[in-house]
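Below: one structure, written as C-alpha cells.
Where a number appears in this text, it was derived from the coordinates with a stated rule and is not lab data. Keep in mind the model is a prediction, meaning the values are calculated, not measured. FYI the Cβ positions are ideal-geometry reconstructions off the backbone, even for glycines, and counts take in every protein chain you see.
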Amino acid sequence: MASITVTPDHVTWDSFEQPHRKTRDYSGFGPFQFDRLQYADAVKVLSAALGSDET
C-alpha cells in the first residue's frame, strides 16, 4: 500500500507498507514524484490498453 498525493503539478507516491508483513521497513523506498500531466496521460494510455472506461 502507499499514500498517493495529487497536487496541480505533481503526483507523489510515498509511505509504502505491506500490510501482511508489518515488520518490513519500506522507509527507504520512495517517495516517487511524477509530473501531473504526464501521469494523467500514462493512466489514459493504460486505461485504453486495458479496455477500461474509467480514467
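Figures for the structure shown
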item: Failed item in (1) hydroxyl-bearing (Ser, Thr, Tyr); (2) out of contact with any strand residue (DSSP E or B) (no Cβ under 8 Å at 6 or more places or on another chain); (3) assigned to a strand (DSSP E or B), with residue 12 passing the rest; result: (2)
item: Number of the exception - residue 8 against (1) touching a residue at least 24 places away in the same chain (Cβ under 8 Å); (2) in contact with a His (Cβ under 7 Å, 6 or more places away or on another chain); result: (2)
item: Sole exception among (1) over 13 Å from the mean Cα position of the chain (by Cα); (2) surrounded by 12 or more Cβ atoms within 10 Å (Cβ to Cβ); (3) among the β-branched types (Val, Ile, Thr) for residue 5, by number; result: (1)
item: Any hit, the range 36-52, residues being in contact with a helix residue (DSSP H, G or I) (Cβ under 6 Å, 6 or more places away or on another chain) and part of a loop (DSSP other than H, G, I, E, B); result: no
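Yes/no matrix, rows are residues, columns are (1) over 15 Å from the mean Cα position of the chain (by Cα); (2) exposed (fewer than 14 other Cβ atoms within 10 Å of the Cβ); (3) among the small types (Gly, Ala, Ser):
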residue: 9; (1), (2), (3): no, yes, no
residue: 13; (1), (2), (3): no, no, no
residue: 17; (1), (2), (3): no, no, no
residue: 22; (1), (2), (3): yes, yes, no
residue: 29; (1), (2), (3): no, no, no
residue: 33; (1), (2), (3): no, no, no
residue: 39; (1), (2), (3): no, no, no
residue: 44; (1), (2), (3): no, yes, no
residue: 48; (1), (2), (3): yes, yes, yes
